[in-house]
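Below is one structure, written out as structure tokens, with a few remarks after it.
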Amino acid sequence: MEPLILSIDQGTTSSRAMVFGLDGRPRSLSQREHRQYYPAPGAVEHDAEEIWRAVLETARQAIAAANGEIAAIGITNQRETCVLWDRDSGTPLHPAIVWQDRRTADHCARLKATGVEAFVTARTGLLLDPYFSATKIAWLLDNVSGAREAAARGRVLFGTIDTFLLWRLSGGRVHATDATNASRTLLYNIHSGDWDADLLELFRIPPSILPEVRDSAADYGVTDKALFGQRLAIRGIAGDQQAATIGQACFAPGMVKSTYGTGSFLMLNTGAEAVASKNRLLTTVAYQLAGRRTYALEGSIFNAGSTVQWLRDGLKVIAHASETEALAAGLSDNRGVYLVPAFTGLGAPHWDPAARGLIAGLTRDAGPAELARASLESVGYQTRDLLQAMAADLAESGRGADTVLRADGGMIANQWLMQFLADMAGVPVDAPEVAETTALGAAYLAGLGAGLYDGLEDIAKRWRRARRFMPAMSAEMRERLYDGWRRALQRTLM
Ligand code: ADP
């Protein structure tokens, strides 16, 4: 029987299990959403038990539907989200605090005021922002009754979602994570590859709660026999954006992938060099294989597909996300209307948590078409903002970025958007045949970890382009539009 790989893709809104063949083509898929909890303004939580049940159920369904032998399991996950649990019972001490959660903004601001951010960035490649795990872990230790004392007695374990799932899958035997997930905690030194004692002290995190950090393709043990009726080998782990980078086979320095889902995430492979950003991008681990880390520059756009959701659910000017395509295409130009989707502040390269959204250039005859077009265009402009920041950082280190953008995510179904992206970025935009690049990347890692692939070249040759969009807009038009965006953007920054 052909060996198959199960990929567990635990995302912010849903959990997906997909089975892939070694050829990188999907054999089965099962998906389940989980609830979002908003206990206070700016706070976002998930029920880790509900996530675990969804993962188990979808994994069982995907395995049953694939009808073959599962040779290895890979895990990819929403990053930064934190869980603390009891070492003995495995029970979470509190709902998971989600990456979007801003409850530790004050803690971050207090630390920033002490002038420590440059030091933190030098060690972690990140910024002092509530987005990352460290202040969320500290919040849990300080606000869950008895948590610090229990941690001091060695009773408490911390994990990002990959680690929590691994603990449950292994029947409480393996407490580990991979270098990509570790690199999002603010506690991990991306240069030495270790938990950093100075950072642990700064954030007051006891080392005893931390998982062991392994390669992204590694032996993570086997599943408890009771779960799937047999022991399955867990051989790969990576955070979702890193997994997408692998699924897009961006293995050479200079290659860029861009994922367009709820938010949008660009990742530029910088090889063995951790390029320090002068333009407020993040330096992060793209993957770690055989003990060697490959780094990336990352830019996150908080609102991309969510802007389209807002048109649908908030304004109710469309019934389906896909309607934006015909609406945008029906206009000969944007008629001067710009939408800056700073609903939850702005991410890279601005990092302004206080910025709020804006629609500029409205005239009396503007309507749903102008809003739809401005929403899609905002994705293109934000992409160009990030690409320019990346190019500037690379120029500092004397190198260039690739001349192609590999795009994926739910929004790439929108052909008008893809063409606009190519026009605004000024480079060809490629869509891959397998759009589920995140799940695919975790499957590839598991395959590598299980020795089913010879190496990254063996994986790279499986990447296939479905379609290429070439830049076609005149330079004059491109600059005029982008200039309008820059002016609208300036008005949202605080
Ligand atoms: P996530 O993984 O973040 O949940 P997906 O990759 O599944 O997101 O993409 C879903 C997002 O893409 C939604 O925000 C939706 O509004 C948007 N989207 C889906 N199809 C289209 C389309 N044809 N045009 C514009 N946006 C779309």
Screening ILE318, ILE301 for residues that are closer than 15 Å to MET411 by Cα, touching a residue at least 24 places away in the same chain (Cβ under 8 Å) and open to solvent by less than 30 Å² (accessible area, probe 1.4 Å) leaves only ILE301
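Which residues, counting only those in region 420-474, are among the aliphatic types (A, V, I, L, M), over 19 Å from the mean Cα position of the chain (by Cα) and part of a helix (DSSP H, G or I)?
Step one: of region 420-474, the residues among the aliphatic types (A, V, I, L, M) are 421-422, 424-425, 427, 429, 431, 434-435, 439-440, 442-443, 445-446, 448, 450, 452, 456, 459-460, 466, 470, 472-473.
From what is left, the residues that are over 19 Å from the mean Cα position of the chain (by Cα) are 421-422, 424-425, 427, 429, 448, 450, 452, 456, 459-460, 466, 470, 472-473.
Residues satisfying the conditions are LEU421, ALA422, MET424, ALA425, LEU448, LEU456, ILE459, ALA460.
I need the full set of residues from region 351-367 which are touching a helix residue (DSSP H, G or I) at 6+ places or on another chain (Cβ under 6 Å) and outside any loop (DSSP other than H, G, I, E, B), in order please.
Here is the first cut: in region 351-367, the residues touching a helix residue (DSSP H, G or I) at 6+ places or on another chain (Cβ under 6 Å) are 355, 358, 360.
Those that are touching a helix residue (DSSP H, G or I) at 6+ places or on another chain (Cβ under 6 Å) and outside any loop (DSSP other than H, G, I, E, B): LEU358, ALA360.
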(1) farther than 24 Å from LEU376 by Cα; (2) modelled with pLDDT of 95 or more: which one isn't true of ALA472, the others all being true? (1)
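Each row is one residue, and each column tells you yes or no for (1) surrounded by fewer than 19 Cβ atoms within 10 Å (Cβ to Cβ); (2) at pLDDT 95 or above; (3) closer than 23 Å to ILE97 by Cβ; (4) among the hydroxyl-bearing types (Ser, Thr, Tyr).
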| site | (1), (2), (3), (4) |
| --- | --- |
| GLU149 | yes, yes, yes, no |
| ASN181 | no, yes, yes, no |
| THR185 | no, yes, yes, yes |
| ILE209 | no, yes, yes, no |
| ARG214 | no, yes, no, no |
| TYR220 | no, yes, no, yes |
Within region 102-170, which helices (runs of 4 or more DSSP H) (wholly inside it) include 2 or more residues that are without any contact (Cβ under 8 Å) to a residue 60 or more places away in the chain? 105-113, 117-124, 134-143, 147-152
Which condition breaks for ALA43 when tested against (1) at pLDDT 95 or above; (2) open to solvent by less than 10 Å² (accessible area, probe 1.4 Å)? (1)
Selection from region 403-433 of residues that are surrounded by fewer than 21 Cβ atoms within 10 Å (Cβ to Cβ) and either touching a residue at least 60 places away in the same chain (Cβ under 8 Å) or within 15 Å of the ligand (Cβ to nearest atom) (or both): VAL404, GLY410, ALA413, GLN415, TRP416, GLN419, ALA431
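Report yes if GLY74 is on the phi > 0 side of the Ramachandran plot, touching a Ser or Thr at 6+ places or on another chain (Cβ under 8 Å) and either at pLDDT 95 or above or among the polar types (S, T, N, Q) (or both), otherwise no. Outline the logic, then answer.
Numbers: on the phi > 0 side of the Ramachandran plot: no; touching a Ser or Thr at 6+ places or on another chain (Cβ under 8 Å): yes; either at pLDDT 95 or above or among the polar types (S, T, N, Q) (or both): yes.
So GLY74 fails the test.
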Condition broken by PHE251, with the remaining ones in (1) within 20 Å of LEU186 (Cα to Cα); (2) open to solvent by 10 Å² or more (accessible area, probe 1.4 Å) satisfied: (1)
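Going through ALA276, ALA238, ALA296, ALA252 one at a time, which residue ends up being at pLDDT 95 or above, away from the ligand (no atom under 16 Å from the Cβ) and not in a helix (DSSP H, G or I)?
On the way: ALA276 fails: at pLDDT 95 or above; ALA238 fails: away from the ligand (no atom under 16 Å from the Cβ); ALA252 fails: at pLDDT 95 or above.
Every option except ALA296 fails the conditions.
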Which one is nearest to the ligand (Cβ to nearest atom) among residues in region 328-364 that are hydroxyl-bearing (Ser, Thr, Tyr) and surrounded by fewer than 20 Cβ atoms within 10 Å (Cβ to Cβ)? THR344
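Restricting attention to region 31-79, which residues are in a strand (DSSP E or B) and either free of Cβ contacts under 8 Å to residues at least 60 places away in the same chain or among the basic types (Lys, Arg) (or both)?
So the first thing to find is which residues in region 31-79 are in a strand (DSSP E or B), and the list is 31-33, 37, 45-46, 69-77.
Answer for region 31-79, where residues must be in a strand (DSSP E or B) and either free of Cβ contacts under 8 Å to residues at least 60 places away in the same chain or among the basic types (Lys, Arg) (or both): GLN31, ARG32, GLU33, TYR37, GLU45, HIS46.
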Just checking, which of SER28, SER15 is small (Gly, Ala, Ser), without any contact (Cβ under 8 Å) to a residue 60 or more places away in the chain, surrounded by 15 or more Cβ atoms within 10 Å (Cβ to Cβ) and more than 16 Å from the ligand (Cβ to nearest atom)? SER28
Among the residues of region 75-126, which ones are open to solvent by less than 20 Å² (accessible area, probe 1.4 Å), closer than 26 Å to GLN10 by Cβ and among the hydrophobic types (A, V, I, L, M, F, W, C)? ILE75, CYS82, VAL83, LEU84, TRP85, ALA96, ILE97, VAL98, CYS108, LEU126
Here is a list of conditions, (1) within 23 Å of the chain's Cα centre (by Cα); (2) farther than 22 Å from PRO95 by Cβ; (3) surrounded by fewer than 16 Cβ atoms within 10 Å (Cβ to Cβ), and ARG53 meets all of them except one; can you say which number that is? (2)
Taking region 307-327 and keeping only residues that are near the ligand (Cβ under 9 Å from one of its atoms), closer than 18 Å to PHE420 by Cα and in a helix (DSSP H, G or I), one is left with THR307, VAL308, GLU323, THR324, GLU325
Looking only at region 365-383, and only at residues there that are farther than 30 Å from ALA109 by Cβ and not hydrophobic (A, V, I, L, M, F, W, C), the one that is surrounded by the fewest Cβ atoms within 10 Å (Cβ to Cβ): ASP365
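The values are calculated or read from the model by the stated rules, or taken from the named source; none is laboratory data. From a predicted model like this one, the values you see are computed outputs, not experimental measurements. Because the Cβ atoms are built from the backbone with ideal geometry, glycine has one as well, and the counts that use them run over all protein chains shown. The protein model used for the area step is the full one, side chains on, heavy atoms only, and it has no ligands, DNA or RNA in it. Shrake-Rupley method; radii C 1.70, N 1.55, O 1.52, S 1.80 Å.
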